[in-house]
Amino acid sequence: MRLSSPAVRWTARGVLLAALIIYPFVVPQPGFWVVNIGIKSLWLGVMALSLIFLYKFTGLLSLGQLAFWGAAGYTIGYLVQLQGWSFAPAIALGIVFGILLGALVGSFAIRASGVYFLMLTLAVAQLMYFAALQASQFTRGHQGITGIRPPTFLGLDLVSARTQYLVALTIAVLLYVLCRYIEGTPFGLALRGLRDSPERMRALGYNVYAYKVVAFSFAAFIASIGGVLAIFYNRQIVPDGVGLIRTIDVLIAAVVGGVISLPGAFIGAFALTMVQNFSQFFTSRYLTLTGVVFVVVVLFFPQGIAGLWRQFTGYYLWAHDRWRPATRDAVEGKGVGAGAAQLSERSTD
Amino acid sequence: MTDSGNGQAQALRVQGLSRRFGGIRAVSDVDLDVEHGDRVSVIGPNGAGKSTLFNLIAGLYKPTGGTVELFGEDITRLPSRKRAQRGLTRTFQTSKLFLDLTVADNLYLSLAAPPRSVNPLRSVLRDAERSARVRELAEQVGLAGQTETPASELSHGEQRQLEVGMALGGDPKLLLLDEPAAGFSPSERAHLVDMLTNLAPSITLLLIEHDMDIALVIGDRIVVMHEGKKLMEGTPDDIRQSTEVHEIYLGKRHEDT
Ligand SMILES: Nc1ncnc2c1ncn2[C@@H]1O[C@H](COP(=O)(O)OP(=O)(O)O)[C@@H](O)[C@H]1O
Ligand SMILES: [Mg+2]
C-alpha cells in the first residue's frame, strides 16, 4: 500500500489522535508533561496556526498575532478579575474584541506587503505591550492581572490538568479541522488564488482587499482563542506575555514546524516547548539556543519539520538521478525537475 | 449616451485614450468603437501599445487621458474587478495563473467570482453544478485530461489554454485575448481558431494576435497599432492590401524571421 493512500493517512491520523488523548493519562509528572509541555504546546500551536493560516493562504507573514491573544486575554482578565463577570460572557467578549481588533489592524496593515507588513504587525504587537503597561486601570500595569482561577464549564473543571489538556486538545483539533476545511471552500481557494496572483483575482472580479481583511480577521479569531487557552494555562496575564520575546516565539514555532504546513504549527510549538524546557540542563543561554535553531531551520530546512520528509525524498530523487544517468529517462520530469523546483519555490516565497 | 442605432449602447467605446510611462507614449490618443458581437483583431509590431491598450480597457492601468465606456457606461474610473463584474474578461500576455492550484481550481475560481452568489463556505467538492461547468470549460480549451494537474506543471501552451479557459469562465460579454496563441504548436493553433470561430455570437471579442493567419481569419475588423497610435482600421482585405501595414508590420516581421 502506498504511504500516501487515504486509508494509511486516516489510520495514521486516528492513531495520532488516540495517542494525544491517552497522553495525559500515561505520562509521569503530569504537572510537567501535561501542563508545561502538553497544554503549552497546544496553545502556542494555536498561535502558530494563526500565523501559518495567514501565511499559507494569503502570503502575509504577521508578527502581530500576539496582539489579538493579548486583546482577548486582557479583556477576560479585566472582566472576570476586576469586574467580577463570570467566564462565559467574558470569553465571548474577549474573542469578539480580538476579532474586531484584527479587522481594524488588518484593514490598514494589509495595504502593506512583504517586509513592511512584517514591521507593521510587529509594531502592533509592541503597541499592545506598551498599552498593557500604560493602561493600568484596565491591565494593572507591570504587575498584570493575576490569580485567575480557571472555571468549570459544563461540568469540566479546568483547574484539573488533564481536563484542561483535553479541552485545549479538542479546541486545537477543531481549529485545525476548520482551517483544513476552509482550504477546500471557495473562500479558501480565493485566498490561495490571491496569494498566487492578485491581478488575476481582480481581473476575475474579486475584491482582493476585502478577502485579505477577512482572512486577517479570521487569523485574529484563532489567535484570540489561543489567548483564552493561555489564560487558563498561565492563570494570569502580564505585559511580558505580549512582549517581543513571546512574539518571536510564535514566529519560531511556525517556522520550525513548517510555515506553509498547518500541522507544522503544532509540531513547531511542541519542538520549541521542549527546547525551552530542556535547554536549561545544558545551557543558560536559552535565547541563543533558540536563535541558533531558528537560523539552522531557515537556512537548511526551509519547509520546517513538517517538510523534512518531502525535502529528503526530493534529495533522494535528485541523487538517484545524478548517480545513475542511465536511468535519467526513466525518472520522468516529476523526479528532479519538479522536486527541486518545488523546493526552491517554497523557500523563496 | 452613445447609441448605435438599434437602441443599444455600443459594447465598447474608447475615446482619446492615452497612457504615458515616463517619456514613453505607450498609448496615444486612441479612439475605438466596438459594436455588440464584433470580432476585432488588434495587430501591430512589438511595443506598439496593444497590451497597454488592453490593460487600460480592463482597468489594470489608469489612463493619463481619455475615456472608456463599456455598454454605454463610463468605466474610466472603475477598478478592474468592477469591470469584470460588468462582463469584461481577459487573458494576460504573460500568463497569470494560480500556479499552486489545479487546473480545475483555477477554472472554478473564474466561475465563482462576483457578482455570482456562491456560498463561500460550502466545500467546492459539493458544488456539482460548477464542477460540471469546470469539466466543460476544460474540454473546450483542450485540458480535459488535466483537471487535477497543478497549473505550475502545465506546459507553456497548456498554460495559455488555461488562461483562455479562465477568461471564458467569467461569462464574458466582452472578451479581451492578449496573444492567446503565443508559443502554441500548429495543432494548438488550429484548436484555438476552431474555438474562437465557434464562440457564442453574443460575445464581443477583442483579440491581439501576432499570427496573421489567426488575426485576419478571426477578426471581421482589424485595428493596426504603431507607436502607441491607431494607424488604421479596416477589413482583413483592406489590411492585406495596405502597403503601409506591409511596411511597418508585415515587412518587418518577414525580415525578423
Ligand atoms: N508597465 C510598464 N511600465 C513601463 N513601460 C511600459 C509598461 N508597459 C508597457 N510599457 C511600454 O509601453 C510600450 C508599449 O508596450 P505594450 O503595450 O506592451 O506593446 P505591445 O503589446 O504592442 O507589444 C513599450 O514601449 C513598453 O516598453
Ligand atoms: Mg503585448
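The values are calculated or read from the model by the stated rules, or taken from the named source; none is laboratory data. Quick caveat, the model's predicted, so the values are computed rather than measured. Ideal geometry is used to build each Cβ from the backbone, glycine not excepted, and the neighbour counts take in all protein chains shown. These accessible areas exclude ligands, DNA and RNA; they are computed on the full protein's heavy atoms, side chains included. Shrake-Rupley method; radii C 1.70, N 1.55, O 1.52, S 1.80 Å.
The set of residues in the stretch B:74-106 that are within 27 Å of B:A9 (Cα to Cα) and free of Cβ contacts under 8 Å to residues at least 40 places away in the same chain comprises B:D74, B:I75, B:T76, B:R77, B:L78, B:P79, B:S80, B:R81, B:K82, B:R83, B:Q85. Restricting attention to the stretch B:35-49, the residues that are within 13 Å of ligand 1 (Cβ to nearest atom) and basic (K, R) total 0.
With the requirement that a residue be of a type in the set (V, I, T) and either open to solvent by less than 80 Å² (accessible area, probe 1.4 Å) or modelled with pLDDT of 95 or more (or both), what does the stretch B:15-29 give you?
Hit for the stretch B:15-29 is B:V27, nothing else.
Restricting A:R192, A:R180, A:R162, A:R149 to residues that are open to solvent by 50 Å² or more (accessible area, probe 1.4 Å) and under 20 Å from B:L111 (Cα atoms) narrows the list to A:R192. Is it the case, given these coordinates, that A:F187 is open to solvent by less than 50 Å² (accessible area, probe 1.4 Å) and at the interface with another protein chain (Cβ under 10 Å from one of its Cβ atoms)? Judged against the criteria, A:F187 is a match. Name the single residue that is nearest to B:G49 (Cα to Cα) among those in the stretch B:210-252 being among the basic types (K, R) and open to solvent by 70 Å² or more (accessible area, probe 1.4 Å). Per the criteria, the residue is B:K229.
Per-residue answers, yes or no, for (1) within 13 Å of chain A (Cβ to nearest Cβ); (2) among the polar types (S, T, N, Q); (3) within 16 Å of ligand 2 (Cβ to nearest atom); (4) more than 24 Å from B:P201 (Cβ to Cβ):
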| site | (1), (2), (3), (4) |
| --- | --- |
| B:D31 | no, no, no, yes |
| B:G49 | no, no, yes, yes |
| B:K96 | yes, no, yes, yes |
| B:S131 | yes, yes, no, yes |
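Just checking, does the stretch B:115-125 include any residue being more than 7 Å from chain A (Cβ to nearest Cβ) and either in a strand (DSSP E or B) or open to solvent by less than 40 Å² (accessible area, probe 1.4 Å) (or both)? Within the stretch B:115-125, not a single residue is more than 7 Å from chain A (Cβ to nearest Cβ) and either in a strand (DSSP E or B) or open to solvent by less than 40 Å² (accessible area, probe 1.4 Å) (or both).
Would you say B:K62 is open to solvent by 10 Å² or more (accessible area, probe 1.4 Å), facing chain A (nearest Cβ under 9 Å) and within 16 Å of ligand 1 (Cβ to nearest atom)? In short, no.
Which one is most open to solvent (accessible area, probe 1.4 Å), of the residues in the stretch A:237-286 that are of a type in the set (D, E, K, R) and over 26 Å from A:A306 (Cα atoms)? Checked the stretch A:237-286; the qualifying residue most open to solvent (accessible area, probe 1.4 Å) is A:R285.
Of the helices (runs of 4 or more DSSP H) lying entirely inside the stretch A:114-187, those containing at least 1 residues that are among the acidic types (D, E) span A:161-183.
Take the conditions (1) touching a residue at least 60 places away in the same chain (Cβ under 8 Å); (2) open to solvent by 10 Å² or more (accessible area, probe 1.4 Å); A:L44 misses just one of them, which is (2). When B:L53, B:L32 are checked against the criterion of being touching a strand residue (DSSP E or B) at 6+ places or on another chain (Cβ under 7 Å), open to solvent by less than 10 Å² (accessible area, probe 1.4 Å) and away from ligand 1 (no atom under 12 Å from the Cβ), B:L32 stands alone in meeting it.
Quick check: is even one residue across the stretch B:139-151 within 12 Å of chain A (Cβ to nearest Cβ) and either in a helix (DSSP H, G or I) or not hydroxyl-bearing (S, T, Y) (or both)? Give the derivation first.
Our first condition is that a residue be within 12 Å of chain A (Cβ to nearest Cβ); within the stretch B:139-151, this holds for B:149-151.
Keeping just the survivors that are either in a helix (DSSP H, G or I) or not hydroxyl-bearing (S, T, Y) (or both) gives B:150-151.
Yes, that holds for at least one residue.
Looking at A:V259, A:V293, just one residue is at pLDDT 80 or above, closer than 22 Å to A:W43 by Cα, not in a helix (DSSP H, G or I) and not small (G, A, S), and that residue is A:V259. Only strands (runs of 3 or more DSSP E) whose full extent lies in the stretch B:166-235 are considered here, and the ones with at least 2 residues that are within 14 Å of another protein chain (Cβ to nearest Cβ), touching a helix residue (DSSP H, G or I) at 6+ places or on another chain (Cβ under 8 Å) and within 16 Å of ligand 1 (Cβ to nearest atom) are B:174-178. Selection within the stretch B:65-92: residues that are within 12 Å of another protein chain (Cβ to nearest Cβ) and open to solvent by 30 Å² or more (accessible area, probe 1.4 Å). The member of this set that is farthest from B:G165 (Cα to Cα) is B:L78.
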